[in-house]
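Structure first, commentary second.
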Amino acid sequence: MIKDHLQLKAGALLISPPMQWDPNFRRTVVFLCEHSDSGSFGLILNRPLSLVMEQVFEDMEGFGEEIRWGGPVQPETLHFLHRIPEIITGGDEVLPGIFWGGDFEMLKAGVRTKQVHSEDVRFFLGYSGWSTGQLSGEIEEGGWIVSESNPHTIFETSESALWRESLLQKGGSYAVLANFPDHPTLN
């Protein structure tokens with residue numbers, strides 16, 4: 001296995017290999033928002049929930065952006081990624097043009113004034129977290145494939161295609177894994 005942990009940094013994608021059977025992360029793609037000596041924080045990009053923002057917040061009526069499951073840690077918390085820092089200030093720029101969090105009241109005001117559009121923001125319940133050294137250890141054991149990210153991956157690729165597209169984009173032997181059957185015993 002390639003030593004992917006050398007690329008491990010905020011803004012990276014963590015792609016679960018097809019042999020990952022943990023139901024929390026099976027065929028997921030995690031956007032790593034933070035990685036430091038004290039641990040790592042990420043959001044699963046391709047686990048939509050049957051819930052939209054206007055169902056959760058009365059003052060976001062008409063805003064049908066879907067909420068995704070960000071991971072198994074603190075599932076009662078809401079997180080968001082966006083690409084509109086001129087409207088939502090206070091976020092952390094993870095990659096050029098991709099921001100994590102920010103002023104939620106500004107976000108809601110932007111929804112009311114129609115300045116915030118669903119294609120510019122992604123919402124998540126819960127998150128994926130790792131303690132010091134845990135993620136590097138999982139990568140070393142083959143539990144994750146590390147890849148680069150970009151705004152297209154986060155805001156434009158459909159959830160259903162994201163896992164496969166991320167492996168194809170990584171290329172080489174990883175592209176072969178993109179065609180690994182979901183249930184190999186059924187083939």
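FYI, it's all coordinate maths here, none of it is from the lab. These numbers were taken from a predicted model, which means no experiment stands behind them. Positions of Cβ are generated from backbone atoms using ideal geometry, with glycine treated the same way; all protein chains shown enter the neighbour counts.
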Fill in the blank from the handout: Counted residues in the range 105-160 being free of Cβ contacts under 8 Å to residues at least 24 places away in the same chain, of a type outside the set (Lys, Arg) and under 21 Å from Glu58 (Cα atoms) come to 5
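Here is a check on your reading of the model: is Arg47 in contact with a Pro (Cβ under 6 Å, 6 or more places away or on another chain) and under 22 Å from Val121 (Cα atoms)?
no
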